[in-house]
Amino acid sequence: MAEPGLVVLAELRDEALDVGAHLDVVLTSAVGAVASFVGTVRDHSPDAAGEVVELEYSAHPDATSALTAIAHRVAERFEGVRLAVSHRTGTLRVGDVAIVVAAADAHRDMAFEACRALVEAVKAELPVWKKQVLADGSHTWVGSA
């Protein structure tokens, strides 16, 4: 039977995310490709009627377990792929990194597919709430899982 993918990192952090560290943990001598996704805070949103100046992410107490489960479920679909994922919590300014996903495999197609699958699953399912703070001091809440 084929070996499922491996989750080497799945965490929520209230400190800056290190993109390079995610790449480092998925690399091995068998890896020929690493696909990554870095989601950053932007200054606008279709859900906001003004300039976004910061995001406040809050997480359900079980969000770390949920993130780990999501990553393992995605890993089961991709034989041999190594996955790393982290999501920020707390207050982030425009330009800050909110999520990092890295997927490594011997071949690029599998790395790309696994990376996208993990990003989409986290976005759809992770119990994290996002409050967008606007330049005028108002705020909006963006839907959560």
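Might you check whether a residue that is of a type in the set (A, V, I, L, M), over 21 Å from Gly5 (Cα atoms) and buried (at least 19 other Cβ atoms within 10 Å of the Cβ) occurs anywhere in the range 72-79?
No - not one qualifying residue is present in the range 72-79.
Return the only residue of Asp24, Asp96 being acidic (Asp, Glu) and over 17 Å from Ala10 (Cβ atoms).
Result of the check over Asp24, Asp96: Asp96.
Evaluate the range 103-126: report whether one residue or more is under 17 Å from the mean Cα position of the chain (by Cα), part of a strand (DSSP E or B) and over 15 Å from Pro4 (Cβ atoms).
no
Which residue pairs have Cβ atoms under 9 Å apart, sit 6 or more places apart or on different chains, and have a first residue in the range 24-50 that is modelled with pLDDT of 95 or more and part of a loop (DSSP other than H, G, I, E, B) and a second that is aromatic (Phe, Trp, Tyr) and surrounded by 12 or more Cβ atoms within 10 Å (Cβ to Cβ)?
none
Can you tell me which residues in the range 51-70 are in contact (Cβ under 8 Å) with a residue 40 or more places away in the chain, within 30 Å of Arg82 (Cβ to Cβ) and not in a helix (DSSP H, G or I)?
Selection gives Leu55, Tyr57, Ser58, Ala59, His60, Asp62.
Confirm whether Gly137 is within 26 Å of Val25 (Cα to Cα) and exposed (fewer than 14 other Cβ atoms within 10 Å of the Cβ).
no
The values are calculated or read from the model by the stated rules, or taken from the named source; none is laboratory data. Please read these numbers as outputs of a predicted model, since none were measured by experiment. Cβ: placed from backbone, ideal geometry, glycine included. Neighbour counts: every protein chain shown.
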